Amino acid sequence: QALADTTVVFVLGGPGAGKGTQCANLVRDFGFVHLSAGDLLRAEQERPGSQYGELIKSYIKEGKIVPHVVTIALLENAMLESGQKRFLIDGFPRKMDQALEFERVVVPSRFTLFFECPEEVMLQRLLKRGETSGRSDDNIESIRKRFRTFTETSMPVIDHYSALNKVHTVRCTDSPEGVYQKVKGIFNDLFH
Ligand code: UP5
Ligand code: MG
């Protein structure tokens, strides 16, 4: 299979924990391709002729998880199109069925980078970003729903990989630079 010898790191953490921010640093320093499942879904939602546009729109606003056939297809296409070998898969898998299916049909993950962050901190970050982001889910109602989905549905994925000793946890209440020092330490050990 075309993606058999690729390195996949899952980047997980609650809404607003800083996944996208830290992935940008890793792209610069370690030559990974950054694929945010949320960004891919938002792009698909905007694509003229997409049969999933309305579905994605309502799921995102409600903080619910889009059926995995849609998300996995978007991720797999983006991986193949990139022609690259190292990927940060950001904000995915957020549900056990997604994790198992992705590893079965695409490629097993190398490990999960987990950003641990208290809800109050994430809330402040998201409300601030919401002043300018234009994201349909950066409002207090959607944020509360996203937190709930994260706790109930996504944390079990992290627990699953923890039990397999495949999680590196970074606390991310520090500044973006401070958080990145810790992330960089993990990647330096593994990729140099
Ligand atoms: N910021 C970042 N780090 C900071 C720091 N250390 N100190 C202070 N501020 C910091 O950061 C968020 C904000 O905080 C920014 O303004 C940043 O400058 C600041 P960001 O890096 O964007 O955090 P991130 O964790 O990426 O937050 P995001 O909002 O993207 O997380 P979500 O997981 O909620 O969003 P995502 O786009 O992944 O998913 C959105 C929705 O898509 C989901 O709710 C779901 O409905 C759907 N979805 C699926 O259905 N399936 C999927 O597989 C994926 C998504
Ligand atoms: Mg993000």
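Listing for the model above:
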quantity: Checking S133 against (1) free of Cβ contacts under 8 Å to residues at least 40 places away in the same chain; (2) part of a helix (DSSP H, G or I), the condition it does not meet; calculated: (2)
quantity: Output for the range 114-123, where each listed residue is in a helix (DSSP H, G or I), in contact with a Gly (Cβ under 9 Å, 6 or more places away or on another chain) and more than 11 Å from N139 (Cα to Cα); calculated: E119, V121, M122
quantity: Selection within the range 136-177 - in contact with a Phe, Trp or Tyr (Cβ under 7 Å, 6 or more places away or on another chain) and in a loop (DSSP other than H, G, I, E, B); calculated: K166, C172
quantity: Among the candidates R125, R135, R148, residue that is modelled with pLDDT of 95 or more, within 18 Å of the chain's Cα centre (by Cα), within 11 Å of ligand 1 (Cβ to nearest atom) and within 12 Å of G18 (Cα to Cα); calculated: R125
quantity: Flag if F111 is within 14 Å of the chain's Cα centre (by Cα) and surrounded by fewer than 20 Cβ atoms within 10 Å (Cβ to Cβ); calculated: yes
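One line per residue, one yes/no per condition, for (1) closer than 18 Å to G20 by Cα; (2) in contact with a Cys (Cβ under 8 Å, 6 or more places away or on another chain); (3) within 16 Å of ligand 2 (Cβ to nearest atom); (4) of a type in the set (D, E):
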site: L55; (1), (2), (3), (4): no, no, no, no
site: K64; (1), (2), (3), (4): no, no, no, no
site: T71; (1), (2), (3), (4): yes, no, yes, no
site: E81; (1), (2), (3), (4): no, no, no, yes
site: I89; (1), (2), (3), (4): yes, no, yes, no
site: M96; (1), (2), (3), (4): no, no, no, no
site: V107; (1), (2), (3), (4): no, no, no, no
site: F111; (1), (2), (3), (4): yes, no, no, no
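The values are calculated or read from the model by the stated rules, or taken from the named source; none is laboratory data. This is a predicted model, so every value here is computed, not measured. Neighbour counts run over all protein chains shown; Cβ positions are idealised from the backbone, glycine included.
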